[in-house]
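Trainee: This is the structure I want to talk about, given as structure tokens.
The values are calculated or read from the model by the stated rules, or taken from the named source; none is laboratory data. Not measured: the values here are computed from a predicted model. All Cβ positions, even for glycine, are placed from backbone atoms using ideal geometry, and neighbour counts span all protein chains on display.
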Amino acid sequence: MVAACVFGANVQLLTAGKSYWNATEVAENPLLHLWSLGVGAQFYILWPVATALLVRLSVRKALLAQLALLLASFFCNVAFLGFRQGNKYAFYFPLSRFWQLSLGGLVAYVNLPTTTSRVTTSTLSSVAATALSFSGVAAIVVALAVLGPKSRYPGYWGLLPTLGTAAVIFAGPATPLVTLQRKLWNEYMLEPLIYN
């Protein structure tokens with residue numbers, strides 16, 4: 001409980017040798033799922049420091065440095081897959097998961113608008129954004145279909161949902177998937193369900 005309160009549940013689970021996929025351990029530890037909050041909090045503590053250092057560089061050097069950090073974290077993730085019989089180090093160790101979060105930062109940086117006007121589309125053409133969006137969703141669906149407790153995840157398998165999510169985000173808000181989502185979550189469409 002203390003580890004969860006200080007965003008260190010992932011480190012506690014790592015040192016305790018707990019497995020995320022073991023059903024018995026999940027039933028015995030209702031706080032097991034807090035590991036992801038620990039990784040996220042640790043990332044959001046270190047990321048602003050890295051960003052503050054990177055803004056002093058030219059745009060090209062900053063992007064290359066960010067890409068180098070992303071790749072170093074990804075290779076740390078792959079290297080930890082078989083470390084000490086299992087994937088717990090690749091799964092819980094913060095540095096082996098930072099690549100997934102830093103990819104989101106890289107996507108945001110590359111896709112930032114160059115003006116102060118409200119952005120309604122991606123920096124891509126409509127056709128390219130739509131194709132990228134559908135490809136991203138397809139990658140996520142494939143990951144859901146093929147990954148399971150026996151998968152050596154994250155490792156290379158982590159690329160499927162991570163790149164899929166990055167593709168959907170990079171595609172931007174003016175794609176058919178976002179339009180469909182807006183229509184499905186229209187308050188007037190849901191009103192009969194909410195007020196009955």
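Trainee: For segment 70-80, give me each residue that is surrounded by fewer than 20 Cβ atoms within 10 Å (Cβ to Cβ) and in contact with a helix residue (DSSP H, G or I) (Cβ under 7 Å, 6 or more places away or on another chain).
Mentor: Passing the criteria: L70, C76, V78.
Trainee: If a residue must be among the hydrophobic types (A, V, I, L, M, F, W, C) and touching a residue at least 40 places away in the same chain (Cβ under 8 Å), how many such residues does segment 75-88 contain?
Mentor: Number of matching residues: 2.
Trainee: I've got another one for you. Take G82 and tell me if it is small (G, A, S), closer than 21 Å to N10 by Cα and part of a helix (DSSP H, G or I).
Mentor: On the way: small (G, A, S): yes; closer than 21 Å to N10 by Cα: yes; part of a helix (DSSP H, G or I): no.
Criteria not met by G82.
Trainee: Sort out which residues of segment 5-21 are at pLDDT 70 or above and surrounded by 15 or more Cβ atoms within 10 Å (Cβ to Cβ), and write them in order of number.
Mentor: F7, G8, A9, N10, V11, Q12, L13, L14 - these are the residues of segment 5-21 that are at pLDDT 70 or above and surrounded by 15 or more Cβ atoms within 10 Å (Cβ to Cβ).
Trainee: Does F170 satisfy the condition of being in a helix (DSSP H, G or I), under 25 Å from S73 (Cα atoms) and modelled with pLDDT under 85? Explain how you work it out, then say what you get.
Mentor: Working: in a helix (DSSP H, G or I): yes; under 25 Å from S73 (Cα atoms): yes; modelled with pLDDT under 85: no.
It is false that F170 is in a helix (DSSP H, G or I), under 25 Å from S73 (Cα atoms) and modelled with pLDDT under 85.
Trainee: Same structure, new question: So, in segment 37-61, of the ones that are loosely packed, with under 15 Cβ neighbours inside 10 Å and small (G, A, S), which residue ends up farthest from the chain's Cα centre (by Cα)?
Mentor: S58
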